[in-house]
Amino acid sequence: MDFHKQCLYVVATPIGNLGDFSSRAVEVLRRVDLIAVEDTRHSGRLLQHFAIKTPMQALHEHNERKLAASLLQNIEEGRTLALISDAGTPLLSDPGYHLVRLAREKGIRVIPLPGACAAVTALSAAGLPTDHFRFDGFLSAKSGARRQQLEALKQETLTLVFYESPHRIKETLSDMQAILGSQRQAVLARELTKTFETIRSGTLAELSQWVAEDANQRKGEIVLLVQGAPAADPDDLDPEAERVLKILLQELPLKQAATLAAEITGVRKKKLYARGLELKQAGD
Ligand code: SAM
């Protein structure tokens, strides 16, 4: 196996099933001089299981900015470092961003070791479009802020991927139902790679009801995926132009209304005329 000295390895760890830890990851963690971990007790158990005896240094969201420079100094002095988080890929809703950014600014080589990531694992089995998706991590724990975030995502056409705490899943699903619409398709992926792995598809209304009725679905770790909003039809009229056209149609013949609406809104006359015709035929 290639092993590089004087660099920062960013190593993904399993999200549940220890069988998902690669032999390369284990080897690298055995050979580096120091491993930056989120929680020494948590990662201590993982390292012990794989007989990795490398010293650890705690690096979490509260001390990362302060410690990044001194950790990287180790590398500048000739040592080799690895970064892991409690589970999955570091930096993905986990610490590491400041360390990696500073390492790159200093010209230190950063070598990623790929592995589990709950968001990508969930996407690979959800059956929702994956050609484009948007990862938003955790929504706010506060209901008002969470609702605002969802309002901002209402028209997003990409598949939406969230991490959610089991304590908030019921409230989040009900907020989603209210804001994104009860018929929007979604997938709840729980306890991935673990004994009680559950991946359920349904509308937001169906998933909401299922989670409310079955307390087991409010336990463990959860990725929530929501289908994007339907893309706007390029032939659809902008709502303001539609409003102006409707007002003018109440007083003027179609051709004149379309001409005037085009002048007011800047939308093409032909498009306004076509929409006006539709409205007239529908008796609107
Ligand atoms: N860095 C990690 C990754 O690559 O997935 C994510 C860390 S984030 C602090 C932890 C969240 O990830 C959990 O609250 C849950 O939403 C999601 N998660 C982690 N493991 C999971 C699993 N086995 N099944 C479902 N979701 C999981």
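Every read-out reported here was derived from the displayed coordinates using simple, explicitly stated rules and does not represent laboratory data. Given the structure is predicted, the values throughout are model-derived calculations rather than measurements. Here Cβ is always computed from backbone atoms with ideal geometry, including for glycine, and neighbour counts include all displayed protein chains.
With the crude spin-label approximation of a point 7 Å out along Cα→Cβ, what separation in nm comes out for Arg31 versus Leu252?
In this crude spin-label approximation the distance works out to 7.6 nm.
List, in order, the whole-Hz ³J(HN,Hα) value for each residue of the range 164-178 obtained from phi through the Karplus relation with A = 6.51, B = -1.76, C = 1.60 and θ = phi - 60°; use x for Gly and Pro.
Per residue, the Karplus-derived 3J(HN,Hα) values read 9, 7, x, 6, 10, 4, 5, 5, 5, 4, 6, 5, 5, 4, 5 Hz.
Expressed as an acute angle from 0 to 90° and rounded to the nearest 10, what is the orientation of the C-alpha long axis of helix 143-153 relative to the principal long axis of the chain?
70 degrees
Rounding to the nearest 20 debye, state how big the charge dipole of the range 8-116 is about its Cα centre with +1 on each Lys and Arg Cβ and -1 on each Asp and Glu Cβ.
So the dipole magnitude of the range 8-116 works out to roughly 240 debye.
Given H placed 1.01 Å from N in the peptide plane, which residues other than close sequence neighbours of Leu34 have an amide H under 5 Å from its amide H?
Distant-sequence amide H within range of Leu34: Thr80, Ala82.
Using amide H atoms built 1.01 Å from N in the peptide plane, name the residues 5+ places from Leu158, or on other chains, whose amide H lies under 5 Å from its own.
Hits under the 5 Å cutoff: Ala229.
Evaluate the charge dipole of the range 146-284 about its Cα centre and quote only its size in Debye, nearest 20, assuming +1 on the Cβ of each Lys and Arg and -1 on the Cβ of each Asp and Glu.
160 debye
Pull out the extension gain between Ala141 and His167, defined as 0.36 nm times the separation in residues minus the alpha carbon to alpha carbon distance; nm, one decimal.
On the way: separation 26, 0.36 × 26 = 9.36 nm, distance 0.98 nm.
Value of the extension gain: 8.4 nm.
What does the extension gain come out to for Trp210 and Arg24, with contour length at 0.36 nm per residue minus their alpha carbon separation?
Extra length from Trp210 to Arg24 when fully extended: 62.9 nm.
Using helices alone, I'd like the mean residue ellipticity at 222 nm for the chain: each DSSP H run of four-plus residues gives -39500 (n - 2.57), total over residue count, nearest 500.
On the way: 11 runs with 121 residues, N = 284.
Result for the chain, helices only: -13000 deg cm²/dmol.
Roughly speaking, what is the centre-to-centre gap between the range 145-183 and the range 98-117 when only Cα atoms are used, to the nearest Å?
One Cα centre to the other: 31 Å.
Which ³J(HN,Hα) values in Hz, rounded to whole numbers, follow from the phi angles of the range 225-237 under the Karplus curve 6.51 cos²θ - 1.76 cosθ + 1.60, where θ = phi - 60° and Gly and Pro get x?
10, 10, 4, x, 5, x, 5, 5, 6, x, 7, 5, 7
Report the charge-dipole magnitude of the chain in Debye, nearest 20, computed about the Cα centre from +1 at each Lys and Arg Cβ and -1 at each Asp and Glu Cβ.
420 debye
Rounded, prolate or oblate: pick one for the range 239-283, where a ≥ b ≥ c are the square roots of the eigenvalues of its C-alpha gyration tensor, a/c under 1.5 means rounded, and failing that, prolate if a/b is larger than b/c, else oblate.
It is rounded, given that a/c, with a ≥ b ≥ c, falls under 1.5.
Kindly express, to the nearest 10 degrees and within the range 0 to 90, the angle between helix 239-251's C-alpha long axis and the longest C-alpha principal axis of the chain.
Its long axis makes an angle of about 10 degrees.
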